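Below: one structure, written as structure tokens.
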Amino acid sequence: MIMKSANLLSILVSALLLAGCGADTRSETTPSGAAPTAAEAPAAEVRPIAITGNDQMKFSVTEIRAKPGEALSVTLNNIGTMPKVAMGHNWVLLKAGVDPASFNNDAVSAAATDYVPESQRQNIIAATKLLGPKESDTVTFNAPTEPGRYVFLCSFPGHFQVGMKGELIVE
Ligand code: CO
């Protein structure tokens, strides 16, 4: 039994090594176009964006501009004092073509999943947790590669309607 397990392990390791070789080959492909310049930022750099939400149901940032595919790290901080059950906030970024009003309608009945409905999960690029007073959460993601305007919102019931929303503008 022990020998069999060892053989199986060595087969698995070989398979992993082969898979790794395949990935290396793909990464050698060089993009066409201009050569990189010294001014270009490293690809791994993530740009932090700080946003607050308050008891007046407003985000401090309603417009984010990003390059296609740019790595972003959004931190939402709930600076209000009202209890989470009455005044929770999240930050939800929707994919292109998703109707925010329709998303929001579904969210009203999704309290069990912090107002992010399972039926709409495939329509989300990124989302923070639902935050009570003085709580914060960070979500890291890549901006869409397709230029355009992408809606973000707080999906706590009623907040989108009073303007707790904004846009990620990819250009
Ligand atoms: Co809110």
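The figures follow:
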item: Average accessible area per residue (Å²) across segment 34-158 - probe 1.4 Å, nucleic acids and ligands excluded; result: 52 Å²
item: Computed label-point distance, nm, for sites Arg65 and Met82 using a 7 Å Cα→Cβ extension; result: 3.3 nm
item: Stretch gain in nm, segment Asp55-Val162, where the contour uses 0.36 nm per residue and the Cα spacing is subtracted; result: 37.3 nm
item: Segment Val98-Ser73, length gained on full extension (0.36 nm per residue, minus Cα span); result: 6.8 nm
item: Extension gain from Gln122 to Ser109, taking 0.36 nm per residue of separation minus the Cα-Cα distance; result: 2.9 nm
item: All lysines inside 21 Å of Lys95 as judged from Cα atoms, apart from same-chain residues fewer than 8 positions distant; result: Lys67, Lys129, Lys165
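The values are calculated or read from the model by the stated rules, or taken from the named source; none is laboratory data. Everything quoted here is computed from the prediction, not taken from an experiment. FYI the Cβ positions are ideal-geometry reconstructions off the backbone, even for glycines, and counts take in every protein chain you see. When the accessible area is computed, the model is the full protein with side chains, heavy atoms only, and any ligands, DNA or RNA have been set aside. Shrake-Rupley method; radii C 1.70, N 1.55, O 1.52, S 1.80 Å.
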